[in-house]
Amino acid sequence: MMSDTLGTKVWFDPIGVHVAPGQVIRWTVHSNVHTTTAYHPRNDHHSLRIPERAEPWDSRFLVNPGNHFEITLTVPGVYDYFCAPHEAAGMVGRIVVGRPEGPGTLGFDYFKGRAGTEQWQPVPEAARKAFPSVSAIMSQRVVRRA
């Protein structure tokens, strides 16, 4: 979880990774205040962009350099996540666990018009542009910020 010294640019590094099911993922704050939060309706009505059988996460605010948050992802699929205070600035990331599948492989507006999704928040435009492609993650295994 990174930021320039003025806090005008924020990002996850790496922004995309491919891991095996059961691998522990750890985010560590290097600067600024951040969260790692799964795209899931339980997280402030965000649209579902993790596998349907997966548990969503929200680290809450990580304030000090060195603060960290860990999860173990066991359900195969694509997991999209964001930093709550910096989502609109494009601070997002993507994890592919095993094989790519699930809502994270679909277009950002896949849920529009489906019953029960009326309150879901769409992914902001800056965030949409920031995500690495699933194909880049699968071929490179680790994608750094461009």
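Read-outs throughout are calculated quantities, based only on the coordinates presented, and are distinct from any laboratory measurement. Keep in mind that what you see is a predicted model, and the values were worked out from it rather than measured. In this analysis, Cβ positions are derived from the backbone assuming ideal geometry, glycine residues included, and neighbour counts consider all displayed protein chains.
Restricting to Cα pairs below 8 Å that are 6+ residues apart, what does the relative contact order work out to for the chain? Please round to a whole percent. Before the final figure, lay out the partial values.
Values: 339 pairs, mean separation 44.6, N = 146.
So the answer I get is 31 percent.
How would you order 94-100, 110-116 from highest to lowest mean count of nearby Cβ atoms within 10 Å? Walk me through the numbers before you get to the answer.
Numbers: 94-100: 20.6, 110-116: 10.9.
Order by mean packing, descending: 94-100, 110-116.
Which value, in Å to one decimal place, does the Kirkwood hydrodynamic radius take for the chain when every pair of different Cα atoms is included?
15.2
How much net charge surrounds ASP58 when only the other residues with a Cβ under 15 Å from the Cβ of ASP58 are counted, with Lys and Arg +1 and Asp and Glu -1?
-2
Charges only on Cβ, +1 for Lys and Arg, -1 for Asp and Glu: so what's the dipole of the chain about the Cα centre, in debye to the nearest 20? Don't jump to the answer; show the numbers that get you there.
Details: 15 positive and 13 negative charges, 65 e Å.
With only Lys, Arg, Asp and Glu charged at Cβ, the dipole is about 320 debye.
If you build the convex hull over the alpha carbons only and average its shadow over all orientations, what do you get for segment 53-123? Give it in nm² to one decimal.
Computing the convex hull of the Cα atoms and averaging its projections yields 5.9 nm².
Using helices alone, I'd like the mean residue ellipticity at 222 nm for the chain: each DSSP H run of four-plus residues gives -39500 (n - 2.57), total over residue count, nearest 500.
On the way: 2 runs with 13 residues, N = 146.
That comes out to -2000 deg cm²/dmol.
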